[in-house]
Structure formats: structure tokens, C-alpha cells
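Take a look at the structure below.
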Ligand SMILES: [Zn+2]
């Protein structure tokens with residue numbers, strides 16, 4: 001059974017988000033957070049690999065990303081927030 005998720009604020013659907021590759025409004029990020037993450041996994045895995053500093057512990061990376069995520073959301077940079085969220089989930093997966 002496929003239930004179509006829809007943003008209650010801007011009425012974007014997941015299909016629409018994937019089509020135009022950006023969010024309709026701030027609320028979309030919350031509604032589609034789970035769906036957005038896997039969509040950018042490949043990209044982010046690469047980016048994370050390159051950008052990873054070996055001296056930095058997972059914990060401090062996670063803390064930094066959490067701060068960045070809050071900032072991004074506060075600035076309504078939801079694409080950025082989605083990327084950060086993905087990085088976070090990759091970090092926590094690898095522990
Ligand atoms: Zn929306």
C-alpha cells in the first residue's frame with residue numbers, strides 16, 4: 001500500500017520533491033526527512049569520505065554537524081539541512 005505523503009503547508013508530494021530536487025517550504029524538510037536522506041546517500045558518502053578528518057572523533061563530528069543542522073534549519077536552508085542530516089546518519093551508522 002502506497003500512501004502518498006504530502007506537505008500540509010505547501011502540498012508538495014514526495015514525487016514532486018524528487019522531481020524538482022528541492023523543498024517547497026520549511027515544513028517539507030520535516031515531512032520528508034526520511035525520504036530525502038537516502039536520495040542523497042551516494043553523494044554524501046563521497047563528500048563525507050573526502051571531508052573526513054581522521055583526528056576528529058565521531059562524537060565531535062556529530063556534535064558539529066548537529067550545530068550546523070540547527071543553524072541550517074534556523075536559516076531555512078533545508079537542502080543543506082538534509083545533507084547534514086544525512087552525514088549525521090552516516091556517522092551514527094558507522095559506530
Ligand atoms: Zn512544504
Just wondering, is there one or more residues in segment 69-90 that are touching a helix residue (DSSP H, G or I) at 6+ places or on another chain (Cβ under 7 Å), modelled with pLDDT under 90, outside any loop (DSSP other than H, G, I, E, B) and buried (at least 17 other Cβ atoms within 10 Å of the Cβ)?
yes
Condition (residue is modelled with pLDDT under 90, within 16 Å of the ligand (Cβ to nearest atom) and part of a helix (DSSP H, G or I)) applied to segment 5-14: is it met by at least one residue?
yes
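Is it true that some residue in segment 15-33 is more than 14 Å from the chain's Cα centre (by Cα), modelled with pLDDT of 70 or more and within 9 Å of the ligand (Cβ to nearest atom)?
Filtering segment 15-33 for residues more than 14 Å from the chain's Cα centre (by Cα) gives 15-16, 19-20, 24-25.
Filter once more, so that each one left must be modelled with pLDDT of 70 or more: 15-16, 19-20, 24-25.
Narrowing further to those that are within 9 Å of the ligand (Cβ to nearest atom): 24-25.
The answer is yes, given that some residue of segment 15-33 is more than 14 Å from the chain's Cα centre (by Cα), modelled with pLDDT of 70 or more and within 9 Å of the ligand (Cβ to nearest atom).
The values are calculated or read from the model by the stated rules, or taken from the named source; none is laboratory data. Please read all numbers here as calculations on a predicted model, not as lab measurements. Cβ coordinates were reconstructed from backbone atoms using ideal geometry, including for glycine residues, and neighbour counts include every protein chain displayed.
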